[in-house]
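Step one of this worksheet: look at the structure below.
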Amino acid sequence: MYARYYGQQVDYSLIAQHCNMFRALTDIYYIYHSIESMIDYISQNPYNMSTYARPGAFNDADALAIGNFGLSESQERMQLGMWAVMSLPLFMSNDLRDIRRSSRTLLQNRHVIAINQDPLGIQGTPIAQYVSVSVWMKRILPLGSSAIAFFNQGRSGGPQVVVFSLSNLPGIDPTATYDVTEVFDDEFLGRFKASQTIRVSVDPMGIYLIKALPAPTT
């Protein structure tokens, strides 16, 4: 593992040739602010780091804080979802002998894990901003599919509603139709033309994670 320290110039091209994973920044702490700061850092894509992420060479933003009681249930979902979209290693840091049921269930969510473990190994990146909600997108299989995360960095008030069309997102075929599913609960949201609007509601400091797969042609 390669660790980056403050002030050090990083050659990710060289590192990716020799390391399976490489730390992006400092240690993470089991509080929301620390996790948000790590996401903010990666969103800046320093040294064009996302382009070097691939199977066998992944950026590492340190361990999951899930199960350590420093986060709310919503914040735990946010970290797992964002780590999945960013294709970061999923290292647990909790004591498995003492973990609340919701945290254990979350860590075993095969739908979110599948996004993280997608064989393409592409690192998701931010593509849009709706007020306090940053939108991240990751290419996944089957080809033409995407995982899309809505991360609400607002800290007060109610949920932030985002209304969007898939056709406004990069790499989406504006003439195609997509099957859209909410990932955490594996809830099918419907079949949408790329030009149709989709409405999602994102809790403060929370996430809404969907995947959009090209609909079968008949």
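The values are calculated or read from the model by the stated rules, or taken from the named source; none is laboratory data. Remember, it's a predicted structure, so these values are computed and weren't measured experimentally. So basically every Cβ, Gly included, is an ideal-geometry build from the backbone, and we count neighbours across all protein chains shown. Protein only, heavy atoms only, side chains kept; ligands, DNA and RNA dropped before computing areas. Shrake-Rupley method; radii C 1.70, N 1.55, O 1.52, S 1.80 Å.
A few points about this structure:
- Amide H contacts under 5 Å for Lys193, placed H, 5+ residues apart: Tyr178
- Counted over all Cα-Cα pairs of the range 22-95, pairs farther apart than 16 Å make up 45 percent.
- Pairwise Cα inverse-distance average, inverted: Kirkwood Rh of the chain (Å): 17.8
- Rounded to the nearest 10 Å², the accessible area of Val131 at probe 1.4 Å: 120
- A cut-off of 5 Å between modelled amide H atoms, ignoring neighbours fewer than 5 places along the same chain, links Ala128 with Val135.
- Full extension of the chain segment joining His33 with Asp95 gains 20.1 nm, where the gain is 0.36 nm per residue of separation less the Cα-Cα distance.
- Legend: P(r) of the range 124-213 from all alpha carbon pair distances, 5 Å bins from 0, whole percents, reading 3, 15, 26, 27, 18, 7, 3, 1.
- Rounded to whole Hz, the Karplus (6.51, -1.76, 1.60) HN-Hα couplings of the range 87-97, x for glycine and proline: 6, 8, x, 9, 9, 7, 10, 8, 8, 5, 7
- Fraction of accessible area attributable to carbon and sulfur, the range 89-171 (%, probe 1.4 Å): 54
- Within the range 135-171, the trypsin sites (Lys or Arg not before Pro) that combine a DSSP coil assignment with at most 13 other C-beta atoms in a 10 angstrom radius are Arg155.
- Those residues of the range 124-161 whose amide nitrogen sits under 18 Å from the label point placed on Tyr41, 7 Å along Cα→Cβ: 124-126
- Basic side chains Lys and Arg get +1 at the Cβ, acidic Asp and Glu get -1 at the Cβ, and with that the dipole of the range 61-110 about its Cα centre reaches some 220 debye.
- DSSP-loop trypsin sites (Lys or Arg not before Pro) across the range 178-215, with at most 16 other Cβ within 10 angstrom: none
- Note on exposure: His18, His33 ranked by accessible area (1.4 Å probe, complete protein assembly) read His18, His33, with the most exposed listed first.
- For the range 82-160 versus the range 9-24, the gap between their alpha-carbon centres in whole angstrom: 23
- Rounded to the nearest 10 Å², the accessible area of Asp185 at probe 1.4 Å: 100
- Derived scalar couplings ³J(HN,Hα) [the range 202-208; Karplus, 6.51 cos²θ - 1.76 cosθ + 1.60; whole Hz; x for Gly, Pro]: 10, 5, x, 6, x, 9, 10
- Reported value for the range 91-145: 127 Å³ per residue, from the convex hull of its C-alpha atoms.
- Relative contact order, whole percent, for the range 70-218 stands at 24, derived from Cα pairs under 8 Å and 6 or more residues apart.
- The range 103-171 - percent relative contact order, Cα under 8 Å, separation 6 or more: 23
- Here the Karplus relation 6.51 cos²θ - 1.76 cosθ + 1.60, evaluated at θ = phi - 60°, turns the backbone of the range 159-166 into coupling constants of x, 9, 8, 10, 10, 8, 10, 4 Hz, with x for every Gly and Pro.
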